[in-house]
Amino acid sequence: MPSLINSKDKLLRERAASVIPGGMWGHMATRYLGPAYPQFFERADGCRVWDVDGREYIDLMCSWGPNILGHHHQAVEAAAERQRRLGDAMNGPGEVLVELAELLVKTVAHADWAMLQKNGTDATTACVTIARAGTGRRKVLVARGSYHGAVPWCTPSLAGVTAEDRAHLIHFDYNDIASLEAAVEQAGDDLAAVVVTAFRHDIARDQELPTAGFARRARELTTAADAALIVDDVRAGFRIDLAGSWEPLGVRPDLSAFSKAIANGYPLAAITGTDRFREAATKVYVTGSFWYGAVAMAAAIATINTLRDTDAIARMTQAGDRLRSGLDAAAKKHGLSLRQTGPVSMPMVLFDDDAEFKLANAFCSAALREGAYFHPRHNMFLSAAHTAKDIDLALQAADAGMAAAAQVA
């Protein structure tokens, strides 16, 4: 998509560059995606987004995960507006704090209690802190390549990070039981926690669902060591199973971190935990100026209730199956080979023999011109707002993308 001289997006980028380091930062900085992608958006509704230059796209990123019911979901917006009229950031929490904590305890299978934050990084970091407080130990085991947030103990960037920030991390390989066992042995009697993502969702690689054997062994090892099993459910929470993403495996963690989809786009995160770590949670100091914001809590209650009372997860799965089969058919039509991995509601799409992502970039750029927002290297997200018609329109755009990729192959 060529840059236009009078493009509002281009002008906003230029303005941002003078007052914001790098113009944009973090995973939403589209300079990592190439010139075809718009950086700034004007509005969103359902499963559609419009950039500041007025172009409309079928949204296959869902704000990088938060919009699970679709932008401007009626029940969520009504609940948020009711609470907004009463108050948001007040001198203390609203009644919705207790109501939401009660709902989380009722919904999440392992939960005896809940605490609220604002970002996924808040939640994962608090889980680690609580685990250390509850065990009196230091070592934390994390999978190589897994993303748990953007603070020194876990950020993928090493800029500004010291060796001391990560002195007590020990790495293992996701789904590799022997590797996990070796890391537990290395930690010895100083093991505080094992932290695992709900599924392996490292960027730019095939995704892996956890095997039942790996999940059970993680539970056995942490139980034997009286350490915490922490499931980082920030990305997948409420998209696989409302009771927790490892519940279908029959494995319940001691602590879980949630964010993204919990409030359908309103800023909120949560920890759920077992009674084993209740006292430790009372001792750690975690807080934030806006952590008691009531509007996001009201939105979360409406979101979770809607997910519970409708077939939202089933609809996302159906949309994901339709997208996956359609992309396979389009790839074969144009003589291309795809790898589609991970949960179908959070699809990762990669091309074979595309180490430099030339095919992926060509595909996504062409599909974007036709009105569908795919990502070349990150898992995508579907929402309950995606209908069969929406998926079919995205597949029409994808066909143009496959044709463009075939020209590069």
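The values are calculated or read from the model by the stated rules, or taken from the named source; none is laboratory data. From a predicted model like this one, the values you see are computed outputs, not experimental measurements. Heads up, the Cβs are rebuilt from the backbone with ideal geometry, glycines too, and the neighbour counts pull from every protein chain shown.
Condition test on Thr274, is it under 30 Å from Leu86 (Cα atoms), surrounded by fewer than 24 Cβ atoms within 10 Å (Cβ to Cβ) and of a type outside the set (Phe, Trp, Tyr)? Judged against the criteria, Thr274 is not a match. The set of residues in the stretch 290-303 that are among the β-branched types (Val, Ile, Thr) and surrounded by 24 or more Cβ atoms within 10 Å (Cβ to Cβ) comprises Val295, Thr303.
Among the residues of the stretch 345-364, just one is farther than 20 Å from Asp399 by Cβ and among the polar types (S, T, N, Q), namely Ser345. On the basis of being of a type in the set (Lys, Arg) and over 19 Å from Ser337 (Cβ atoms), does Arg369 make the cut? In short, yes. Residue-level check: of (1) small (Gly, Ala, Ser); (2) within 30 Å of His378 (Cβ to Cβ); (3) in a helix (DSSP H, G or I), Gly145 misses just (3). Restricting the first member to the stretch 120-147 and to residues that are β-branched (Val, Ile, Thr), and the second to residues that are assigned to a helix (DSSP H, G or I), the beta-carbon pairs closer than 6 Å and six or more apart or on different chains are Ile130/Phe277; Ile130/Ala280; Ile130/Ala281; Val140/Val128.
Residue-wise test of (1) in contact with a Leu (Cβ under 9 Å, 6 or more places away or on another chain); (2) not polar (S, T, N, Q); (3) not assigned by TED's automatic domain parsing to the domain that holds Leu103.
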position: Asp254; (1), (2), (3): yes, yes, no
position: Lys283; (1), (2), (3): no, yes, no
position: Met297; (1), (2), (3): yes, yes, no
position: Gly320; (1), (2), (3): yes, yes, yes
position: Leu323; (1), (2), (3): yes, yes, yes
position: Leu327; (1), (2), (3): yes, yes, yes
position: Ala331; (1), (2), (3): yes, yes, yes
position: Glu356; (1), (2), (3): no, yes, yes
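Taken over the stretch 370-392, the criterion of being assigned to a helix (DSSP H, G or I) and either surrounded by fewer than 17 Cβ atoms within 10 Å (Cβ to Cβ) or among the aromatic types (Phe, Trp, Tyr) (or both) is satisfied by Ala388, Lys389, Asp392. In the stretch 257-290, how many are at pLDDT 95 or above, assigned to a loop (DSSP other than H, G, I, E, B) and among the hydrophobic types (A, V, I, L, M, F, W, C)? Summing the residues that are at pLDDT 95 or above, assigned to a loop (DSSP other than H, G, I, E, B) and among the hydrophobic types (A, V, I, L, M, F, W, C) in the stretch 257-290 gives 3. If you scan the stretch 356-368, which residues turn out to be assigned to a helix (DSSP H, G or I) and surrounded by fewer than 16 Cβ atoms within 10 Å (Cβ to Cβ)? Lys358, the sole residue that qualifies. Just one of the listed residues (Val234, Val194, Val184, Val161) is touching a residue at least 24 places away in the same chain (Cβ under 8 Å) and either farther than 28 Å from Ala300 by Cβ or over 23 Å from the mean Cα position of the chain (by Cα) (or both), and it is Val184. The residue list Ala126, Ala109, Ala114 contains one member that is surrounded by fewer than 19 Cβ atoms within 10 Å (Cβ to Cβ) and either outside the structural domain of His378 (by TED's automatic domain parsing) or not in a loop (DSSP other than H, G, I, E, B) (or both), which is Ala109. Return a yes/no flag: does the stretch 209-218 have any residue that is touching a Leu at 6+ places or on another chain (Cβ under 8 Å), on the phi < 0 side of the Ramachandran plot and of a type in the set (Lys, Arg). Yes, because at least one residue in the stretch 209-218 is touching a Leu at 6+ places or on another chain (Cβ under 8 Å), on the phi < 0 side of the Ramachandran plot and of a type in the set (Lys, Arg).
Looking only at residues of the stretch 12-49 that are on the phi > 0 side of the Ramachandran plot and free of Cβ contacts under 8 Å to residues at least 40 places away in the same chain, we find that the one that is surrounded by the fewest Cβ atoms within 10 Å (Cβ to Cβ) is Gly22. The numbered conditions (1) in the same structural domain as Asp233 (by TED's automatic domain parsing); (2) under 17 Å from Lys260 (Cα atoms); (3) in contact with a strand residue (DSSP E or B) (Cβ under 6 Å, 6 or more places away or on another chain) are all true for Leu100 except (3). Could you look through the stretch 88-100, keep only residues that are assigned to a loop (DSSP other than H, G, I, E, B) and touching a residue at least 40 places away in the same chain (Cβ under 8 Å), and pick out the one that is nearest to Ala397 (Cα to Cα)? The selected residue is Asp88.
In the stretch 374-387, the residues that are closer than 11 Å to Ile203 by Cα and of a type in the set (A, V, I, L, M) form no Cβ pair under 6 Å with any partner that is at pLDDT below 95 and outside any loop (DSSP other than H, G, I, E, B), whether six or more places apart or across chains. Scanning the stretch 154-188 for residues that are farther than 25 Å from Ser256 by Cβ and of a type in the set (Asp, Glu) turns up Glu164, Glu185. So, Ile262, is that one under 22 Å from Arg308 (Cβ atoms) and either touching a residue at least 24 places away in the same chain (Cβ under 8 Å) or crowded, with 17+ Cβ neighbours inside 10 Å (or both) or not? Criteria met by Ile262.
Scoring Arg85 on the criteria (1) in the same structural domain as Cys364 (by TED's automatic domain parsing); (2) farther than 21 Å from Ala384 by Cα; (3) assigned to a helix (DSSP H, G or I) leaves a single failure, condition (1). If you check Arg315 against the conditions, is it in a helix (DSSP H, G or I), touching a residue at least 24 places away in the same chain (Cβ under 8 Å), surrounded by fewer than 24 Cβ atoms within 10 Å (Cβ to Cβ) and not assigned by TED's automatic domain parsing to the domain that holds Glu95? Yes: the conditions hold for Arg315.
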